[in-house]
Amino acid sequence: MATGSLTCGPGDRLGDVAARASKAGTELCVVLHPGGVIMGVLRRERLAGPVEQTAEQAMRPGPSTFRPSVPIDEMIEFLTTRNITGALVGTPDGRLLGAVTLAALQLAANRRAVAPA
């Protein structure tokens with residue numbers, strides 16, 4: 001799982017968030033409630049919106065989120081069947097732990113399959 005995901009607050013200006021995302025070399029920002037709970041995500045197309053818009057106005061609410069206890073194979077199946085390339089990992093109360101990509105999950109599953117017993 002990748003940690004250190006780019007985050008922003010719901011009131012952050014989209015222009016500022018897009019600049020931070022560009023500097024960080026990412027096309028994803030997780031919008032967090034002031035208490036740290038996941039509210040939504042800003043992907044490339046949303047980051048390109050009006051610069052004065054707030055993150056909350058531009059975000060896509062309800063992103064795909066997994067708990068750390070979900071088996072890798074279950075995550076892969078969910079993402080594959082829905083044609084999703086990644087998801088967030090969070091605590092039961094909705095706090096962000098990190099992000100994971102389908103490619104990283106598949107790599108981990110392949111390594112597990114060939115690991116000596």
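The values are calculated or read from the model by the stated rules, or taken from the named source; none is laboratory data. Note that the structure is predicted; figures quoted are calculated from it, not measured. These area figures cover heavy atoms from the full protein model, side chains too; ligands, DNA and RNA do not enter into them. Shrake-Rupley method; radii C 1.70, N 1.55, O 1.52, S 1.80 Å.
Looking at the chain, the DSSP beta bridges with both ends there are about 80 percent antiparallel. Taking amide H as placed 1.01 Å from N in the peptide plane, Gly86 has its amide H under 5 Å from the amide H of Leu102, each at least 5 places away in sequence or on another chain. Between helix 14-24 and the chain, what is the angle of the helix's C-alpha long axis to the longest principal axis, kept within 0 to 90° and rounded to the nearest 10? So the inclination is approximately 40 degrees. Using θ = phi - 60° in the Karplus curve 6.51 cos²θ - 1.76 cosθ + 1.60, the 3J(HN,Hα) couplings for region 95-109 round to 7, 5, 9, x, 10, 9, 9, 4, 4, 5, 5, 5, 4, 5, 5 Hz; x is entered for Gly and Pro. Each eigenvalue of the Cα gyration tensor of region 9-54, multiplied by 5 and square-rooted, gives one semi-axis; in descending order these are 16, 12, 9 Å.
How large is the accessible surface of Leu97 in square angstrom, using a 1.4 angstrom probe and rounding to the nearest 10? Accessible area of Leu97: about 70 Å². By a 1.4 Å probe calculation restricted to protein chains, Thr54 has an accessible surface near 40 Å², given to the nearest 10.
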